[in-house]
Amino acid sequence: MAQEECGPVGYPETSEEQFPDSSGIHVPFGGAAIERRHGEGERLDAGSPAPILNNMLNHEASLDLLFQSLADPARRGMVERLTRGPASVSELAAPLAMSLPAAMQHLRVLEASGLVRTEKAGRVRTCRIDAEALRTAERWIAARRASWERSLDRLGAFLDEPPPSSPDPGADR
Amino acid sequence: MSPSPVAHETIVVERTYPHPPARVFAAWADPDSKRRWAVCHAEHEMDFRPGGVERARGAAPDGPAFETEIRYHDIVPGRRIVYAYALRVDGAASAVAVVTAEFRAEGAGTRLVVTEQGAYLDGPDGAERLGAGLRDALERLAAALHAPVAA
């Protein structure tokens, strides 16, 4: 049996490991949320879903807003820039050759989706990534769940192995 | 400086196995068996009894160093295990939890229910790791939407 992703970590750094249940589109808000949206059935465990996923699944309107916010290339560019650290509105607008009002319009969409938070100090409005589901602590939760899923899969494979000492009547010797 | 944020969560994971509870329980209780499914790339020592401690230390390829410590508190043979669990990654506490494993007979098989109730911590590099993961996710999203990320 392949020992591909061992260990208790399922470390949040690697996209594949973050959301192994998602089906191709790895969006930071979780594969479970996307699949629920497309009606592909419940991907969560038979036990009650973790409250944070439950919270997201109960707010499909906000998921739509999130997807809408990320569907625009200028907004994706802004979010990508903000992953490197906070920035002012003008810093975000400059590489996009965009007017400040246009940039603010995009930022309002991003703020409404919960992905970005802005605050004004004096004359400068500073923007930063701030969505609870993206916080490292929440991503640890997803990683821990993924780690359990893999461990219990390996447990199943281990249990299904024939005991080494008993002869296999079907084996050719 | 404020401490790194913590999130509290209950994770429940379940499986049904076509094996009796005693067999499934044995895979949790026996060190050689446990090593086969719960531990890899790691040194491992285990003392399976109430008050006993189990430790593992290792690193996945291209991954961070980790240590886990389990202290067993409640063991009902064939039925239930409750333990305290701590995970340290690159030396910093990442997850501290109480884990309950219940082994319920279901027909000829076993319904295993694992409940992890924990405190999950941001690491010191939380923001950078977050950024790297999100950048990667954005690139994938852009590819899926067949559109480039601007600038």
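Quick notes
- Residues in segment B:37-62 that are among the basic types (Lys, Arg) and under 15 Å from the mean Cα position of the chain (by Cα): B:55, B:57.
- Out of A:69, A:147, one residue alone is modelled with pLDDT of 80 or more, within 22 Å of the chain's Cα centre (by Cα), surrounded by 21 or more Cβ atoms within 10 Å (Cβ to Cβ) and assigned to a helix (DSSP H, G or I). It is A:147.
- Residue in segment B:56-67 that is modelled with the lowest pLDDT, counting only those that are out of contact with any Phe, Trp or Tyr (no Cβ under 7 Å at 6 or more places or on another chain) and surrounded by 17 or more Cβ atoms within 10 Å (Cβ to Cβ): B:60
- Strands (runs of 3 or more DSSP E) (entirely within segment B:24-84) containing at least 2 residues that are closer than 19 Å to residue A:149 by Cβ and either within 13 Å of chain A (Cβ to nearest Cβ) or touching a His at 6+ places or on another chain (Cβ under 8 Å) (or both): B:65-76
- Subset of segment B:32-49 (residues that are under 25 Å from residue B:94 (Cβ atoms) and surrounded by 14 or more Cβ atoms within 10 Å (Cβ to Cβ)): B:34, B:35, B:36, B:37, B:38, B:39, B:40, B:41, B:42, B:44, B:46, B:48
- Scanning segment B:63-89 for residues that are of a type in the set (Gly, Ala, Ser) and within 15 Å of the chain's Cα centre (by Cα) turns up B:65, B:84, B:86.
- Qualifying residues in segment B:7-23 (those that are surrounded by 15 or more Cβ atoms within 10 Å (Cβ to Cβ) and under 18 Å from the mean Cα position of the chain (by Cα)) - the one farthest from the other protein chains (Cβ to nearest Cβ): B:10
- Matching residues in segment A:75-118 - criterion: being away from every other protein chain (no Cβ under 13 Å), part of a helix (DSSP H, G or I) and among the small types (Gly, Ala, Ser): A:90, A:112
- With respect to the conditions (1) surrounded by 15 or more Cβ atoms within 10 Å (Cβ to Cβ); (2) modelled with pLDDT of 95 or more, residue B:52 falls short on a single one, namely (1).
The values are calculated or read from the model by the stated rules, or taken from the named source; none is laboratory data. Just so you know, these numbers come straight off a predicted model, no measurement behind them. Cβ: placed from backbone, ideal geometry, glycine included. Neighbour counts: every protein chain shown.
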